[in-house]
Amino acid sequence: MRKRSLIVINLLAVLAIGTGFTFAVLAPSERTQGDFAKIMFVHVPSAWLAFLAFGVTLVGGVVWLVKKSPLADRIAASSAEVGVFFTGLALVTGMIWGYPVWGTFWDWGDARMMSTAIMFFVYVGYLALRRSIPDPETRARRSAVLGIIAFVQVPLVYFSVTLFRTLHQGTTVVRPDAPIDPEFLRALMINLGAFTLVYLAFTGWRTRLARMEDELEEAEAVSDFEIAGSGITAPRLGEVTGDV
Amino acid sequence: MPYKSFVLPAIGVVVLVLGFMLFGGLGDNLVYYLTPAEAVSQRADFPDGERFRLGGLVVDGTIQETEAGVTFVVTDGDKSIDVANSGVPPQLFREGIGVVVEGSWSGDHFESDTLIVKHDEEYRSEEDGAYVPPTGTSG
């Protein structure tokens, strides 16, 4: 992406986050939870971005396997990084929300919390895998495979509240009767849009940075090669045997 | 080789951790809590002192503060169980709200030491109806 379009996305994201924040603050108190319910305006968009980001990593992996385009690999990698960040944010905001409302910030028996934590660590593993393989093509291939396999967790996390009995509440927005008042729904939708713009900005800049890293790596590889040729001197066998 | 020396043990660790989480942790907890009807019908499987989680709605007008904490009745609309909880319940604890209590049978009632509130997925503004400020015994 061009630098200019990234800057435009940045500005839009800042404006949208400002709007989202305003709507979140102005939203009424919730009947049962009071103002604690407003944490959903950060928590739900964070979880949405995690799903979106890992979906883009999946698509990037598939595109790389088909077309071997370095751009697809860079987008997949950048998106996974952003996804890990927002998965972490969803976990942390969930704890902050859970402590006053449930009376606990974590429950080891809850399927939503456990599956989200597993998803977080698997994608941290994806990032670690990337760093452990020096060869770009091997790295891209293995990452693509892991990025595709790891995505099975996304539906598992999403449907965990439907499949299992959980402490975490069930789905609100994506169901026919959507038991949410318009003031909350409006603020939530604006924040979902705003966070999506933040995702585009983060992933866009990170992909750009990844391209620069690749260019630097290539340039260093070339210069290493020149030095390697001139730097080798013949072993001084006479002195060595003399010492022994 | 950095790849093999790092990735293979890492995959091993991940598989072990996932296996533990799925079959050790979540496996036991696939049923996160029992409803009062299930707890009553499975009474024989849970002798006094055998811990499990019990989840249901707090029946209106049954909350009573005691020296140790609070007593109330949980129901699933089918069966109801008397609960004696020791400790201070969370702020949102009130009549009609969902709770998950952890403890064990003690004769005909349930003794719990952990009480968490399980609120529902509805978000309604205060103006929609009378806002009931938390009536928990905390504070």
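Distance in nm between label sites at B:VAL40 and A:TRP108, each 7 Å beyond Cα in the beta-carbon direction?
3.2 nm
Take the Cα atoms of region B:31-117, find their three principal axes, and give me the spread along each one in whole Å, biggest first.
Largest first, region B:31-117 extends 32, 25, 21 Å along its Cα principal axes.
Check B:LYS79: other-chain or 5+ apart residues with amide H under 5 Å from its amide H, H built from backbone geometry?
Residues meeting the amide H criterion: B:ALA37.
After finding the eigenvalues of the alpha carbon gyration tensor for the protein assembly as shown, what semi-axes result from the square roots of 5 times each, listed largest first in whole Å?
51, 28, 16
Against the globular-protein guess of 2.2 N^0.38 Å, express the Cα radius of gyration of region A:94-195 as a ratio, rounded to two decimals.
1.38
As a test of the definition: which semi-axes, in Å, follow for region A:1-137 when you take the square root of five times each eigenvalue of its alpha carbon gyration tensor? Largest first, please.
Taking √(5λ) for each eigenvalue gives 32, 22, 10 Å, largest first.
Between B:HIS109 and B:SER5, what length in nm is gained on full extension when 0.36 nm per residue of separation is reduced by their alpha carbon distance? Before the final figure, lay out each step's value.
Values: separation 104, 0.36 × 104 = 37.44 nm, distance 5.64 nm.
Value of the extension gain: 31.8 nm.
Positive end of the charge dipole of the protein assembly as shown (Lys, Arg +1 and Asp, Glu -1 on Cβ, about the Cα centre): tell me which of B:SER125, B:VAL83, A:ALA76 has its Cα farthest that way.
A:ALA76
Label-point separation (nm) for A:VAL145 and B:ARG51, each offset 7 Å from Cα along Cα-to-Cβ?
4.3 nm
Please compute the net charge surrounding A:ARG2, taking Lys and Arg as +1 and Asp and Glu as -1 over other residues with Cβ under 14 Å from its Cβ.
After counting each charged neighbour, the total is +4.
Using mean Cβ contacts within 10 Å as the protection proxy, how do B:100-113, A:108-121 order, highest first?
On the way: B:100-113: 17.8, A:108-121: 20.6.
So the peptides B:100-113, A:108-121, ranked by packing, come out A:108-121, B:100-113.
With a 10 Å Cβ neighbour count serving as the proxy for reagent exposure, in which order, fewest first, do B:ASP60, B:ASP82 appear?
B:ASP60, B:ASP82
Taking the Cα centre of the protein assembly as shown as origin, sum charge times position over the Cβ atoms of Lys and Arg (+1) and Asp and Glu (-1), and report the length of that vector in debye to the nearest 20.
So the magnitude is around 1840 debye.
Bear in mind that the values in this text are calculations on the coordinates, not laboratory data. Worth saying up front: this structure is predicted, and the values here are computed from it rather than measured. In this analysis, Cβ positions are derived from the backbone assuming ideal geometry, glycine residues included, and neighbour counts consider all displayed protein chains.
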